[in-house]
Every structure is written in C-alpha cells, then in structure tokens.
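Contents: one structure, followed by commentary.
The values are calculated or read from the model by the stated rules, or taken from the named source; none is laboratory data. Since the structure is predicted, the reported quantities are computational estimates derived from the model, not experimental observations. Ideal geometry is used to build each Cβ from the backbone, glycine not excepted, and the neighbour counts take in all protein chains shown.
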Amino acid sequence: MDNLAGQLLVQQNECTLCWVKADGSPAATIVSYVWHEGSVWMTAVAGSGRVRALQRNPRAAVVVSGKGTPLGDSRCVSLQGTVQLREEHAIRDWFFPAFARAVLPGSLKGAAMMAGMMHSPENLVLQFTPQHVIPWDSHKQMAMANSL
C-alpha cells in the first residue's frame, strides 16, 4: 500500500462508505472507523438499509480524506473491496472499545462508557477489506506540475 494511503488510514477516523442498493443505484454515508490489520472496521445498526444492502451485495468502496489531519486537505485514498459482518465475541470485545477510543480520543471515561453502550446485539461490526487502493495527493501533483 502507498505510504500516503497508510498514513491517511491511521491518522483519520472518519470515512465515506459507499454501497449498492437493491435497484443498482449507489448510496453512501459518512461513518467513523478504526484501521486495524489491513481492514477498515465500522459499525452499523442491525436491520438498517445499509446492512441489508451489504448482506445482499458485499461489494463496497471507502473514501478517506486528509481533511482535519496533519496530512492536510487535498489528499485522499479510495478503496474498493468487500464488507463482511463479523459476529464473533472476540472481535466485538476488541472492536467496540477501539472504536470508542477512536471517536473520543480525549476522554478515556467517555470512551469506556460509549463502548459499554455500543456492545449490544443491535450494533454490528463491519469489516471492510480493500482489494484495490487508489491514493490521491494533489500536493504531489502540483509539485510535479510546477517542475515542468
């Protein structure tokens, strides 16, 4: 994976998740995530349209922007891959605290409370595994253009 893509995935905690609806049209939403062991880990509520669509067709895309990170604006990475719903207790026990710490990095107590509230049957864990990575760095593109 490109160095910029890896940095973005670690430094950011919010992405755009895109999927395909039953009628073939695209849908997307912004969600928080945790980057762990080569996957983007997210959560969703059981029975939601997003979950039903991903169960029907696990192909998805994730876009992570550099906005709000030390890497700066005009940098992003687009990932194409598949989503798997993970129900194993060990994964849920790891994910909810990690997710809460990513969302509330400045409050250990708040993150612990959030993790406890999230650890319920209606909150699902989604594992997005990228198969194709497309980084974009306009800073690099501008430097190349200015050197011509």
Exercise. Do you know which of the residues in the range 91-106 that are among the small types (Gly, Ala, Ser) and over 16 Å from Ser39 (Cα atoms) is surrounded by the fewest Cβ atoms within 10 Å (Cβ to Cβ)?
Worked result: Gly106
Seminar exercise, completed: Taking the range 56-77 and keeping only residues that are surrounded by 18 or more Cβ atoms within 10 Å (Cβ to Cβ) and within 15 Å of the chain's Cα centre (by Cα), one is left with Ala60, Ala61, Val62, Val64, Ser65, Gly66, Cys76, Val77
Exercise. Of all residues in the range 114-123 being in contact (Cβ under 8 Å) with a residue 60 or more places away in the chain and not in a helix (DSSP H, G or I), which is nearest to the chain's Cα centre (by Cα)?
Worked result: Asn123
For this session: Could you tell me which residue of the range 6-25 is nearest to the chain's Cα centre (by Cα), considering only residues that are within 21 Å of Gly72 (Cα to Cα) and among the β-branched types (Val, Ile, Thr)?
Result: Thr16
For this session: Might you let me know whether the range 84-105 holds any residue that is at pLDDT 95 or above and of a type in the set (S, T, N, Q)?
Result: yes
Exercise. If you check Leu126 against the conditions, is it surrounded by 15 or more Cβ atoms within 10 Å (Cβ to Cβ) and either among the charged types (D, E, K, R) or not in a strand (DSSP E or B) (or both)?
Worked result: no
